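Chemist: Sharing a structure here in structure tokens format.
The values are calculated or read from the model by the stated rules, or taken from the named source; none is laboratory data. All values derive from a computational prediction rather than experimental measurement. Every residue, glycine among them, receives a Cβ derived from its backbone with ideal geometry; neighbour counts consider all protein chains shown. These accessible areas exclude ligands, DNA and RNA; they are computed on the full protein's heavy atoms, side chains included. Shrake-Rupley method; radii C 1.70, N 1.55, O 1.52, S 1.80 Å.
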Amino acid sequence: MVGSKFKARLAQTLLGVLDILLVATLFLYLNPEIHVFDLTNLDVLKRTRMTLVDYAVLLAMVAIWRYVFIAAGMYRFRRFEGWIQRLGRTSLACFVGLAAVVALAVAAEVPGLKALFLLKLWVWATAVIFFLRILVFLGLRFARQHGRNLHNVVVLGLNERSAAVIEEMRRPELGFSFRGYFDENENRFLNVEHLPYLGNLHDLQDYVARNPVDQVIIALPIRSHYDDIAHTISLCAIQGIQTWLLADLFDLPPQTATQIDRIQEVTFVSYHTDPRSELQHDFKRLVDI
């Protein structure tokens, strides 16, 4: 598992370097005051003399751009994220990163910062970086479909809820490899293909110590297994293993939507009526009238 984490960090670092090189190239190409790529004016590079202050400003711009992209999650490869969400996140990250870099560039009196140039730079940066992400995700999808870049997953509690989740997550392009499940006893009434029984709940600690595990999905009833769930989350946090707790904790109406909210250091699981369900309900009442 250490090797896979090192490869992931290396890939994220290389992608970050490529992002910076692409944006720097676009800045030089689109800036009307520089014309570095003008084939009739190649001696501009010879005439350019950068001072220590210029290098410091350049490094600060790179650091700001890098920080914004990390904060926006541009280097976390979300397996469930759709293309629209990726485009929106890329556009927002480029906008915020560009705004921060431009603020520093204005203070450093960098030439050529016209409104049209900045708009073109934002559009081009968003398009190029999003296209790069498409190539990365298509490459990852191809690798996962051929048995590479897989995440090893074990399940705590085999029931109808967890069986449905396993079926959904076994799509080849997602890259999840289910190693088995832990429960109080082997479930002989619910048969999930290629999901062996690994032991009772207390056997999980020995298993994760000896086997590579990336995620643990908890589908135990909270009322009767509160202590087991709390212990598992703490154990996985110490081992560096991600824990997923199924959010459908209660039997709620089907039109109820769930989302995670955070206010400073306090995290909430909020339940509310889906607006689409409200519209459908209002439309039905109108038809009935």
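Chemist: Return the residue satisfying two criteria in turn: it lies in segment 63-87 and is of a type in the set (Gly, Ala, Ser), part of a loop (DSSP other than H, G, I, E, B) and in contact with a helix residue (DSSP H, G or I) (Cβ under 9 Å, 6 or more places away or on another chain), and of such residues it is surrounded by the most Cβ atoms within 10 Å (Cβ to Cβ).
Modeler: Applying the filter and picking the extreme gives Ala72.
Chemist: Could you say which residue among Ala163, Ala125 is of a type in the set (A, V, I, L, M, F, W, C), open to solvent by less than 40 Å² (accessible area, probe 1.4 Å) and under 20 Å from Phe80 (Cβ atoms)? Give the steps one after another, and end with the answer.
Modeler: Working: Ala125 fails: under 20 Å from Phe80 (Cβ atoms).
Of the residues listed, the single one that is of a type in the set (A, V, I, L, M, F, W, C), open to solvent by less than 40 Å² (accessible area, probe 1.4 Å) and under 20 Å from Phe80 (Cβ atoms) is Ala163.
Chemist: Right, here's the next one. Does segment 259-267 include one or more residues that are open to solvent by 100 Å² or more (accessible area, probe 1.4 Å), farther than 24 Å from Val165 by Cα and either in contact with a Phe, Trp or Tyr (Cβ under 8 Å, 6 or more places away or on another chain) or modelled with pLDDT of 90 or more (or both)? Before you say what the answer is, go through the steps one by one.
Modeler: Residues of segment 259-267 open to solvent by 100 Å² or more (accessible area, probe 1.4 Å): 260, 262-265.
Next cut, farther than 24 Å from Val165 by Cα only: 262-265.
If we keep only those that are either in contact with a Phe, Trp or Tyr (Cβ under 8 Å, 6 or more places away or on another chain) or modelled with pLDDT of 90 or more (or both) as well, we get 262.
Within segment 259-267, one or more residues are open to solvent by 100 Å² or more (accessible area, probe 1.4 Å), farther than 24 Å from Val165 by Cα and either in contact with a Phe, Trp or Tyr (Cβ under 8 Å, 6 or more places away or on another chain) or modelled with pLDDT of 90 or more (or both).
Chemist: Residues that are closer than 18 Å to Ser177 by Cβ, at least 3 per element: which strands (runs of 3 or more DSSP E) completely within segment 193-245 meet that?
Modeler: Working: elements: 197-199, 215-218, 242-245.
Per the criteria, 215-218, 242-245.
Chemist: Could you identify the single residue in Leu135, Leu140, Leu118 that is surrounded by 15 or more Cβ atoms within 10 Å (Cβ to Cβ) and either within 19 Å of the chain's Cα centre (by Cα) or in contact (Cβ under 8 Å) with a residue 24 or more places away in the chain (or both)?
Modeler: Testing whether each residue is surrounded by 15 or more Cβ atoms within 10 Å (Cβ to Cβ) and either within 19 Å of the chain's Cα centre (by Cα) or in contact (Cβ under 8 Å) with a residue 24 or more places away in the chain (or both) leaves just Leu140.
Chemist: Among the candidates Thr90, Thr126, single out the residue that is in a helix (DSSP H, G or I), touching a Cys at 6+ places or on another chain (Cβ under 6 Å) and modelled with pLDDT of 80 or more.
Modeler: Working: Thr90 fails: touching a Cys at 6+ places or on another chain (Cβ under 6 Å).
From the options Thr90, Thr126, the qualifying one is Thr126.
Chemist: Here's another thing I want to ask about it. Among Glu168, Glu173, which is under 22 Å from Phe80 (Cβ atoms), outside any loop (DSSP other than H, G, I, E, B) and free of Cβ contacts under 8 Å to residues at least 12 places away in the same chain? Let's see the steps before the verdict.
Modeler: Values: Glu173 fails: free of Cβ contacts under 8 Å to residues at least 12 places away in the same chain.
When all the criteria are applied, what remains is Glu168.
Chemist: Shifting gears a bit: Only one of (1) open to solvent by less than 70 Å² (accessible area, probe 1.4 Å); (2) modelled with pLDDT of 85 or more; (3) farther than 24 Å from Gly139 by Cβ fails for Asn31. Which number is that?
Modeler: For Asn31, the failing item is (2).
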